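Have a look at the structure below, then the notes.
Derivation of every value follows stated rules applied to the coordinates shown; laboratory data play no part. The model shown is predicted, which means the values in this text are computed figures rather than measured ones. Here the Cβ positions follow ideal geometry from the backbone for every residue, glycine too, while neighbour counts run over all protein chains shown.
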Amino acid sequence: MSVFQATDFNHHEQVVFVNDKHAGLKAIIAIHNTAFGPALGGCRMWDYPSEEEGLRDVLRLSRGMTYKAALANVAVGGGKTVILGKESAPKSAELMHAMGRAIEKLKGRYVTGPDIGTGVEDMTNIRETTAHVIGVDASKGGYGDPSPSTARGVFMGIRAGLQHKHGSADLKDVKVMVQGLGHVGYNLCRFLHEEGAQLFVADVNAEAVERAESELGAIAVAVDDVYSADVDVYAPCAFGAVINDNTLDRFKAGIISGGANNQLDQDRHGEALKELGIIYLPDYVANGGGLVQVAAEWYKEPEEIYRPKVDAIYETCLSILKKANEDDISTSLAADRIGEERVLSAENQVTTAS
Ligand code: NAD
């Protein structure tokens, strides 16, 4: 298996293959970049069809974390871990202790946290063998669920989109279609409702929809009608690849800002949105509020310090929209370029200082 020649290898600083035969642990830790601070990124457990797939995922995800952190203006770098194994399998404390020992050997260059297939209990077990973990139980200093911060950032993305399009970020009577009423989507609905937005919601979970109807006066939309809903804003908060060849022609919304990861099916769909005149707030920027909170947990910053950083996603989104306009490029490309500039400048500072 090639590492340096792998498609997703992108000047990663370090890739560690972990094998603990006693605990039955096989994992890969990828540290993409530490110019801003320790590489931070969750520990994913997934039944990859092959080791190559696991490597590809950890390289891609760790790189993504570098740019997400750069755009969120937090002092952490990009990293990720994948444990090769069934996400639904019971995870023994022994397995997580072994994972913690491997992270400990990196001497603070990498900090882990929960991700798909792992949770608070696993992080609390990892905490027993390394201090380089966040997302632990609140009784052990954890900050709890980051989803409300993620939702707050998405809300800021919507406001920035409105400001850019209409010269006002006022949400009164603005029609917003929220797809997915889970941890992020429902919190987003609350923020929007408080500001007088008119909510349209869809979820496969009928209870969540009924709750939004009764608590927030939302109007239910069938899950298949989400993309063609006659609204001002579309907020995807369920799953990725929602902007694709089948949905592009159906959008009536002029602004897209949501919490879901990887909303563009392919990079070219970012360009297509630009051609259609739809303002797209890149997902990894709009949903960066959760990362701001977990970075704050690492640095023990109180809410009054990190909350304004979540709200600053508004300014970041405005600067992305401005750059996209000036350079006549898609917003996704504009965000990538700003991220690259910031990473390069941080790397130069590190090189100059050393
Ligand atoms: P969640 O599982 O709590 O909520 C997802 C919701 O989507 C559920 O209510 C589910 O019933 C609903 N859903 C599933 N299929 C649907 C469909 N076909 N149509 C409409 N709704 C459907 O997840 P979450 O934590 O709210 O995260 C939502 C998205 O945001 C995910 O893509 C996640 O990766 C991403 N994200 C979350 C965070 C966070 O802090 N939670 C941070 C960054 C990115």
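For segment 247-252, the Karplus equation 6.51 cos²θ - 1.76 cosθ + 1.60, evaluated at θ = phi - 60°, returns couplings of 9, 3, 6, 8, 4, 9 Hz by residue, with Gly and Pro reported as x.
Relative contact order, whole percent, for the chain stands at 15, derived from Cα pairs under 8 Å and 6 or more residues apart.
Here the spin labels are modelled as points 7 Å beyond Cα on the Cα-Cβ line, and at S345 and L276 they lie 3.3 nm apart. Once Lys and Arg get +1 and Asp and Glu get -1 on their Cβ, which of M177, C317, T351 lies farthest toward the positive end of the dipole of the chain? The listed residue farthest towards the positive side: T351.
Can you give the charge dipole size of segment 185-325 about its Cα centre, rounded to the nearest 20 debye, using +1 on the beta carbon of Lys and Arg and -1 on the beta carbon of Asp and Glu?
Details: 11 positive and 24 negative charges, 98 e Å.
Using Cβ point charges on Lys, Arg, Asp and Glu, segment 185-325 gives about 480 debye.
Ranking L276, L216, C237 by how far each Cα lies toward the positive end of the dipole of segment 212-283 (charges on Cβ) leaves L276 at the top.
Here the Karplus relation 6.51 cos²θ - 1.76 cosθ + 1.60, evaluated at θ = phi - 60°, turns the backbone of segment 153-162 into coupling constants of x, 4, 4, 5, x, 5, 4, 5, x, 5 Hz, with x for every Gly and Pro. At a Förster distance of 22 Å, what's the computed FRET efficiency of D267 paired with D224, Cβ-Cβ distance as r, to 0.05? It comes out at approximately 0.25.
How much net charge surrounds A218 when only other residues with a Cβ under 12 Å from its Cβ are counted (Lys, Arg +1; Asp, Glu -1)? Combined, the nearby Lys, Arg, Asp and Glu give -1. The label point for S2 and the one for E87, both projected 7 Å from the Cα toward the Cβ, are 2.9 nm apart.
In this structure the amide hydrogen of Q263, modeled in the peptide plane, comes within under 5 Å of the amide hydrogens of A241, D283, none closer than 5 places in sequence on its chain.
Taken along the Cα-to-beta-carbon direction at a fixed 7 Å, the label points for E195 and A353 span 3.5 nm. Here the contact order of segment 118-192, divided by its residue count and restricted to Cα pairs under 8 Å and six or more residues apart, works out to 24 percent. Label zone (K105, point 7 Å along Cα-to-C-beta; backbone nitrogen cut-off 14 Å) within segment 19-56: 19-30. Per residue, the chain reaches -14000 deg cm²/dmol at 222 nm when only DSSP H runs of four or more residues are counted, each adding -39500 (n - 2.57). Across segment 11-20, coupling constants 3J(HN,Hα) worked out from phi with the 6.51/-1.76/1.60 Karplus curve, θ = phi - 60°, read 6, 4, 6, 7, 10, 10, 9, 10, 9, 10 Hz, and Gly and Pro carry x. A simple charge model with +1 on the Cβ of Lys and Arg, -1 on the Cβ of Asp and Glu and nothing else charged puts the dipole of the chain at about 980 debye relative to its Cα centre. Hey, what did segment 166-211 get for relative contact order, percent, Cα under 8 Å, at least 6 apart? This gives 44 percent for segment 166-211.
Which of the peptides 106-116, 276-286, 85-95 is most tightly packed, and how do the rest follow, going by the mean number of other Cβ atoms within 10 Å of each residue? All intermediate terms of the calculation are to be shown ahead of the outcome.
Details: 106-116: 20.7, 276-286: 23.6, 85-95: 14.3.
The peptides rank, most packed first, as 276-286, 106-116, 85-95.
Would you mind checking segment 194-212 for residues with the amide N under 13 Å from a putative spin-label position 7 Å along Cα→C-beta of D170? It comes to 196-197, nothing else.
Segment 286-302 and segment 209-225 have their alpha-carbon centroids 30 Å apart.
Which percentage, to the nearest 5, of the DSSP beta bridges contained in the chain is antiparallel? Don't skip to the end; give the middle numbers.
On the way: 13 of 39 bridges.
About 35 percent, rounded to the nearest 5.
Could you compute the net charge surrounding V18? Neighbours are other residues with a C-beta less than 12 Å from the C-beta of V18; K and R count +1, D and E count -1.
+2
Efficiency by 1/(1 + (r/R0)^6): what FRET value for E315 and K252, r their Cβ-Cβ distance, R0 = 30 Å, to the nearest 0.05?
Numbers: r = 28 Å, r/R0 = 0.93.
After rounding, the FRET efficiency stands at 0.60.
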